[in-house]
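Quick notes on the structure that follows.
The values are calculated or read from the model by the stated rules, or taken from the named source; none is laboratory data. What you see is a predicted model; the values in this text were computed from it and never measured. Heads up, the Cβs are rebuilt from the backbone with ideal geometry, glycines too, and the neighbour counts pull from every protein chain shown. Heads up: the accessible areas ignore ligands, DNA and RNA and are worked out on the full protein's heavy atoms, side chains in. Shrake-Rupley method; radii C 1.70, N 1.55, O 1.52, S 1.80 Å.
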Amino acid sequence: MKIHMTSVFVDDQAKAEHFYTEILGFRKKHDIPLGEGARWLTVVSSEEPGGTELLLEPAGHPAVKPYRDALVGDGIPLAQFAVDDVRAEYERLTALGVRFTQEPVEMGPVTTAVLDDTCGNLIQLATEPKETAAG
Amino acid sequence: MADDVFKALADPTRRTILDELTQASGQTLFEICSRLSTRHGLGMSRQAVSQHLAVLESAGLVETRREGRYKFHDLNTAPLRQITERWLAHDPYGPEESTP
């Protein structure tokens, strides 16, 4: 078994497409109209186009808002992305106007930071030490 | 008020939270929990950390602020100054030089 796809709820799919591709640097994989303006919109890592897809799913369900408000209030990220150098990404993304709720901090062997994806979610970036990254 | 400060400082986990807030003010609950578990081996529930923060907040040592959808915790050292001045202000010789 392997993880083929995971999802985050987004307030606005057009805004999410812009943020996840233009700002974060993912590549769009699927974009299929589902009717009533909703799209089956997925992105993949440009470093790994055959890898796990991230579905940017409309946040219309009434359960989504209270769920996300509670998590975001406590600073809890809804997804984690691996980057080679979290400090370099922090510099690059803050220059593009991205808001971080946690600046890069060494959390044991991993360095993490948390950003706002402008679509209602907090996202954690993490850099693992080189020695164990492959393991 | 002073009783609250002494009570808050009596617990080692709460002192560790203050240590971490000294390094970076303005932390979310998630960041505080992550720092306690990964940097200090203090794996505890979010609720337990929340309760420690509530004790620190009632003592005035931690202040919370809302910024849009986020909530941040800041360190406030003013209550510490008040409790040390209680004795130091009456010592005519001032604090003795101590070797670190």
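Quick check: anything in the stretch A:90-102 touching a strand residue (DSSP E or B) at 6+ places or on another chain (Cβ under 6 Å) and assigned to a helix (DSSP H, G or I)?
yes
Kindly check whether there is at least one residue in the stretch B:73-95 that is at pLDDT 95 or above and under 21 Å from A:Ile76 (Cβ atoms). For the stretch B:73-95, residues at pLDDT 95 or above and under 21 Å from A:Ile76 (Cβ atoms): present.
From the list B:Arg65, B:Arg69, B:Arg81, B:Arg46, exactly one residue is over 13 Å from B:Thr28 (Cβ atoms) and open to solvent by 20 Å² or more (accessible area, probe 1.4 Å). Which is it?
Selected residue: B:Arg81, the only one of B:Arg65, B:Arg69, B:Arg81, B:Arg46 that is over 13 Å from B:Thr28 (Cβ atoms) and open to solvent by 20 Å² or more (accessible area, probe 1.4 Å).
Selection of the stretch A:55-87 for residues being under 16 Å from B:Ser34 (Cα atoms) and either open to solvent by 40 Å² or more (accessible area, probe 1.4 Å) or under 17 Å from the mean Cα position of the chain (by Cα) (or both) yields A:Leu71, A:Val72, A:Asp74, A:Gly75, A:Ile76, A:Pro77, A:Leu78, A:Ala79, A:Gln80. Looking only at residues in the stretch B:49-62 that are in contact (Cβ under 8 Å) with a residue 40 or more places away in the chain and of a type in the set (A, V, I, L, M, F, W, C), the one that is surrounded by the most Cβ atoms within 10 Å (Cβ to Cβ) is B:Leu56. Contact map, the stretch A:33-57: first residue more than 14 Å from A:Tyr20 (Cβ to Cβ), second residue surrounded by fewer than 16 Cβ atoms within 10 Å (Cβ to Cβ) and modelled with pLDDT under 95, Cβ cut-off under 9 Å, separation 6 or more or different chains; pairs are A:Ala38/A:Gly60; A:Trp40/A:Leu34.
Checked against (1) surrounded by 20 or more Cβ atoms within 10 Å (Cβ to Cβ); (2) of a type in the set (A, V, I, L, M, F, W, C); (3) out of contact with any Ser or Thr (no Cβ under 7 Å at 6 or more places or on another chain), B:Leu36 passes all but condition (3). Selection of helices (runs of 4 or more DSSP H) fully inside the stretch B:13-93 by the criterion of at least 2 residues being touching a Gly at 6+ places or on another chain (Cβ under 6 Å) and within 21 Å of A:Gln124 (Cα to Cα) returns B:29-40. Residues that are farther than 16 Å from B:Thr28 by Cα, within 14 Å of chain B (Cβ to nearest Cβ) and modelled with pLDDT of 95 or more are absent from the stretch A:40-53 altogether.
For the stretch B:1-25, which positions are at the interface with another protein chain (Cβ under 9 Å from one of its Cβ atoms) and either open to solvent by less than 60 Å² (accessible area, probe 1.4 Å) or of a type in the set (A, V, I, L, M) (or both)?
Result: B:Ala24, single match.
How many residues are in contact with a helix residue (DSSP H, G or I) (Cβ under 9 Å, 6 or more places away or on another chain) and within 14 Å of chain B (Cβ to nearest Cβ) when one looks only at the stretch A:68-87? Residues flagged as in contact with a helix residue (DSSP H, G or I) (Cβ under 9 Å, 6 or more places away or on another chain) and within 14 Å of chain B (Cβ to nearest Cβ) within the stretch A:68-87 amount to 7. Looking only at residues in the stretch A:88-117 that are more than 17 Å from B:Ser34 (Cβ to Cβ) and open to solvent by 60 Å² or more (accessible area, probe 1.4 Å), the one that is nearest to the other protein chains (Cβ to nearest Cβ) is A:Arg99.
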